[in-house]
């Protein structure tokens, strides 16, 4: 096993309790600007590449595995990236608190598929979270997703494709993707490609007026 970097980055790591109380992008990044969020960053391969390529865009990385988060933070510090922040928090809780119409893009690559039926309620990309993603995206904002899990992908398509606030793009990535679309998105994807696994990818655009209303299920 490789050595885990134990580098703390207090200037880049957000207080999860504070974030779940109020999400204020001006306070978080210190300036106004477009905000992009990656859910489940792993060691930060995609997030760091995007932040490095577009210094004028604010990037938030959400990850639960603290050992991966520390590696990503150490790499961000080494590259002297100032347009990036990290938070260790339940992504489902976070998206419910993000202000409406305030995020330009979401990236969700190879989320935990929770393959056992009794665990599938823990999946991130399901109806409730997708409604919140729609609410928090700006008009014409995008959601990019990828997985190697066939059954989860079918479930993802079944939620996004008929959703009234999303329209599937003709090709993955669209016109404003931060890296080459044919490049591996994550370390996992690079490994999966060498193993010959399936790779499902798609992008959806936020359509309709701002402020999608999340259905009341109470």
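For residue 129, the test of being in contact (Cβ under 8 Å) with a residue 24 or more places away in the chain, more than 23 Å from residue 115 (Cα to Cα) and within 14 Å of the chain's Cα centre (by Cα) is failed. Residues that are out of contact with any strand residue (DSSP E or B) (no Cβ under 6 Å at 6 or more places or on another chain), under 15 Å from residue 140 (Cβ atoms) and surrounded by 15 or more Cβ atoms within 10 Å (Cβ to Cβ) within region 174-186 comprise just one, 177. Among the residues of region 32-56, those identified as touching a residue at least 24 places away in the same chain (Cβ under 8 Å) and surrounded by fewer than 19 Cβ atoms within 10 Å (Cβ to Cβ) are 33, 34, 49, 52, 53, 54, 55, 56. For region 181-218, the tally of residues that are at pLDDT below 85 and in a loop (DSSP other than H, G, I, E, B) stands at 17. Scanning region 70-93 for residues that are within 30 Å of residue 128 (Cβ to Cβ), out of contact with any helix residue (DSSP H, G or I) (no Cβ under 8 Å at 6 or more places or on another chain) and without any contact (Cβ under 8 Å) to a residue 40 or more places away in the chain yields one hit, 90.
Taking the criterion of being surrounded by fewer than 21 Cβ atoms within 10 Å (Cβ to Cβ) and within 12 Å of residue 106 (Cα to Cα), the only residue of region 141-173 that qualifies is 173.
One residue stands out in region 157-173 among those that are in contact with a helix residue (DSSP H, G or I) (Cβ under 9 Å, 6 or more places away or on another chain) and part of a helix (DSSP H, G or I): the one that is nearest to residue 46 (Cα to Cα), namely 160. Counting the residues of region 57-78 that are surrounded by fewer than 21 Cβ atoms within 10 Å (Cβ to Cβ) and in contact with a strand residue (DSSP E or B) (Cβ under 8 Å, 6 or more places away or on another chain) gives 1.
Every residue, every condition in (1) modelled with pLDDT of 95 or more; (2) under 14 Å from the mean Cα position of the chain (by Cα); (3) on the phi > 0 side of the Ramachandran plot; (4) surrounded by fewer than 21 Cβ atoms within 10 Å (Cβ to Cβ), yes or no:
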residue: 87; (1), (2), (3), (4): yes, yes, no, no
residue: 99; (1), (2), (3), (4): yes, no, no, yes
residue: 114; (1), (2), (3), (4): no, no, yes, yes
residue: 117; (1), (2), (3), (4): no, no, no, yes
residue: 121; (1), (2), (3), (4): no, no, no, yes
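If you go through region 80-96 one residue at a time, do you hit one that is touching a strand residue (DSSP E or B) at 6+ places or on another chain (Cβ under 6 Å), under 26 Å from residue 191 (Cβ atoms) and in a helix (DSSP H, G or I)? There is at least one residue in region 80-96 that is touching a strand residue (DSSP E or B) at 6+ places or on another chain (Cβ under 6 Å), under 26 Å from residue 191 (Cβ atoms) and in a helix (DSSP H, G or I).
A quick yes/no check of all residues on (1) within 15 Å of the chain's Cα centre (by Cα); (2) farther than 23 Å from residue 206 by Cβ:
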{"site": "18", "(1), (2)": "no, yes"}
{"site": "33", "(1), (2)": "no, no"}
{"site": "43", "(1), (2)": "yes, yes"}
{"site": "52", "(1), (2)": "no, yes"}
{"site": "58", "(1), (2)": "yes, no"}
{"site": "79", "(1), (2)": "no, yes"}
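Scanning region 46-68 for residues that are in a helix (DSSP H, G or I) and farther than 18 Å from residue 91 by Cβ returns 48, 49, 51, 52, 53. Looking at region 132-153, which of its residues are free of Cβ contacts under 8 Å to residues at least 40 places away in the same chain, under 19 Å from residue 167 (Cβ atoms) and more than 12 Å from the chain's Cα centre (by Cα)? The answer is none; no residue qualifies.
The values are calculated or read from the model by the stated rules, or taken from the named source; none is laboratory data. Bear in mind that the values here come from a model prediction, so they are computed numbers and not experimental data. Counting neighbours? That spans all protein chains shown, and the Cβs are built from the backbone with ideal geometry, glycine included.
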